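Below you'll find the structure, written out as structure tokens, and then a few comments.
The values are calculated or read from the model by the stated rules, or taken from the named source; none is laboratory data. Everything quoted here is computed from the prediction, not taken from an experiment. We place every Cβ from the backbone using ideal geometry, glycine too, and count neighbours over all the protein chains shown. All accessible areas refer to the heavy atoms of the entire protein, side chains included, with ligands and DNA or RNA removed. Shrake-Rupley method; radii C 1.70, N 1.55, O 1.52, S 1.80 Å.
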Amino acid sequence: MPKVITRFAPSPTGFLHIGGARTALYNWLFAKRHGGDFLLRIEDTDRARSTEAAISAISSGMEWLGLNWSGDAVSQFERSSRHREVAESLLEKGAAYKCYATAEETAAVRAKAREDGTAFRGDMWRDKTPDAETAARPYAIRLKMPREGSTTIDDLVQGTVTVENTELDDMILLRSDGTPTYMLAVVVDDHDMDVTHVIRGDDHLNNAFRQYQVLSAMGWDIPAYAHIPLIHGPDGKKLSKRHGALGVDAYAEMGFLPEAMRNYLLRLGWSHGDDEIIPTEQAIEWFNLENIGRGPARFDFDKLDNLNAHYLRKMNSEEILPLVKNELEKSVGQALSDIEQKRILRAMPTVAERAKRLPDIVEGASLFCNIRPLSLTEKAANTLSGQEAMIGGVANELAAVTNWTAEMIKAAIMSFAEARDLKLGKVMQPIRAAVTGGAPSGDLVDLLEILGQEEVLGRLSDQAAA
Ligand code: GLU
């Protein structure tokens with residue numbers, strides 16, 4: 001097999017949406033799997049939509065996902081003179097012809113076809129020679145589609161798919177204003193970029209037959225095609241914003257990790273037995289086109305959350321902290337001190353254990369910052385009501401601990417409870433309420449140890465009787 005070359009060819013729409021991200025991932029994985037190249041081409045021929053911001057949204061989305069491409073991103077618009085050159089050469093070969101129909105004439109033929117219930121062929125000028133006056137008019141270049149036979153694509157996902165050539169219209173390659181159409185540009189670019197495998201959404205399957213005809217008219221190799229079924233919502237309907245049809249930037253903001261996102265997108269349409277957890281390294285070894293599902297994939301936020309939780313638990317504390325530091329500082333209203341950072345690093349495994357997304361980490365970690373006086377949840381306030389004197393007593397007991405270790409803290413609390421003939425839980429619950437304000441938390445004694453004596457005594461005295 002020649003060197004595998006894949007490409008992702010998004011039209012800049014202002015963000016890298018989730019379906020595009022999956023297409024990009026599959027192309028990237030397939031290239032990596034075969035030691036090939038993965039290229040990026042921005043299909044920016046729609047000048048109104050192709051703003052700098054829209055283009056950079058795509059590259060930053062790809063970068064966040066970790067999908068690096070070889071060389072510079074190709075701009076389709078910048079290649080338009082090459083597209084014109086190919087249209088001219090198809091004209092010379094007799095595989096294309098000049099169409100002098102005006103927009104109004106074309107619209108009329110189209111309307112008539114609709115009325116008659118026949119297909120619009122666009123072949124108004126296929127067999128006509130213009131008079132001198134017409135020949136001076138601007139013209140479009142249309143492909144002379146074969147009228148006999150059929151076109152067959154051996155799609156690596158969809159299987160063998162055939163259409164009768166009579167179903168294909170004489171499509172425009174070059175508009176009368178000299179601009180190339182997408183149908184021409186995509187074929188020329190894929191050819192010039194030596195693309196061997198075209199992996200894209202199955203909304204492009206119909207285009208593939210027509211693109212095939214341009215390729216064969218030029219005598220160029222036909223790439224392998226793999227048209228991936230689209231993504232649907234959990235209810236089986238077309239993916240909407242409510243379902244998760246968002247840009248990858250929105251997923252980053254929601255606190256998902258790129259690695260979890262890759263794993264999720266991989267499984268969203270591709271499988272390896274029953275494996276759910278497939279880290280990227282493993283995915284590169286396993287990825288193939290045969291295992292892409294033929295049915296539409298269903299987007300499922302719970303699965304994404306579970307994968308994210310998995311990858312969060314696998315990260316070490318030092319890796320997680322920088323991902324949440326900004327948000328954490330915003331939420332506590334000041335920069336983290338060294339002491340706070342140390343506490344958070346120690347608490348991180350427990351905090352991450354309970355988290356699904358990064359904001360959960362922010363919430364869990366903020367408990368380890370100096371945030372006195374804590375605001376209490378209603379439940380915590382109820383637990384503490386009437387316990388102010390006891391909390392004061394516990395604070396005194398803990399103030400006497402000289403060696404602030406989990407063991408000594410526990411011993412102090414136990415001896416306090418024993419001396420007053422109280423069940424341990426009756427003492428622990430109010431302490432927890434005072435020290436956490438009611439926020440979710442793990443083992444209490446560990447929490448007290450990590451917070452340090454000064455902060456614990458401070459939090460207790462905030463709730464103790466004056
Ligand atoms: N630019 C097209 C799109 O965004 C993709 C073209 C292709 O992959 O061939 O849908």
Matching option when the condition is assigned to a strand (DSSP E or B) and over 39 Å from the mean Cα position of the chain (by Cα), among K112, K98, K128: K98
Answer residue from region 422-464, given it is within 16 Å of L398 (Cβ to Cβ) and not in a helix (DSSP H, G or I) and is modelled with the lowest pLDDT among those: A464
Cβ-Cβ under 6 Å pairs, at least 6 apart or on other chains, region 449-466 side hydroxyl-bearing (S, T, Y), far side assigned to a helix (DSSP H, G or I) and open to solvent by less than 20 Å² (accessible area, probe 1.4 Å): S461/A395
D190 being within 13 Å of the ligand (Cβ to nearest atom), in contact (Cβ under 8 Å) with a residue 40 or more places away in the chain and more than 20 Å from the chain's Cα centre (by Cα): yes
Residues (away from the ligand (no atom under 12 Å from the Cβ), in contact (Cβ under 8 Å) with a residue 24 or more places away in the chain and open to solvent by 20 Å² or more (accessible area, probe 1.4 Å)) located in region 44-61: R47, T51, A53, I55, A57, S60
Residues of region 44-72 that turn out to be in a loop (DSSP other than H, G, I, E, B), of a type in the set (A, V, I, L, M) and at pLDDT below 95, as a count: 1
H227 vs. criteria in contact with a strand residue (DSSP E or B) (Cβ under 9 Å, 6 or more places away or on another chain) and more than 14 Å from the ligand (Cβ to nearest atom): no
The listed residue being assigned to a strand (DSSP E or B) and either open to solvent by 20 Å² or more (accessible area, probe 1.4 Å) or more than 14 Å from the ligand (Cβ to nearest atom) (or both), out of L173, L205: L173
Scan of region 423-448 for residues that are in contact (Cβ under 8 Å) with a residue 12 or more places away in the chain and over 48 Å from the mean Cα position of the chain (by Cα), ordered by number: none
Test: residue in region 77-89 that is on the phi > 0 side of the Ramachandran plot, open to solvent by 40 Å² or more (accessible area, probe 1.4 Å) and away from the ligand (no atom under 16 Å from the Cβ): no
Number of positions in region 324-343 that are out of contact with any Phe, Trp or Tyr (no Cβ under 8 Å at 6 or more places or on another chain) and in contact (Cβ under 8 Å) with a residue 40 or more places away in the chain: 3
Residue that is nearest to the ligand (Cβ to nearest atom), among those in region 1-43 that are in contact with a Gly (Cβ under 6 Å, 6 or more places away or on another chain) and part of a strand (DSSP E or B): H17
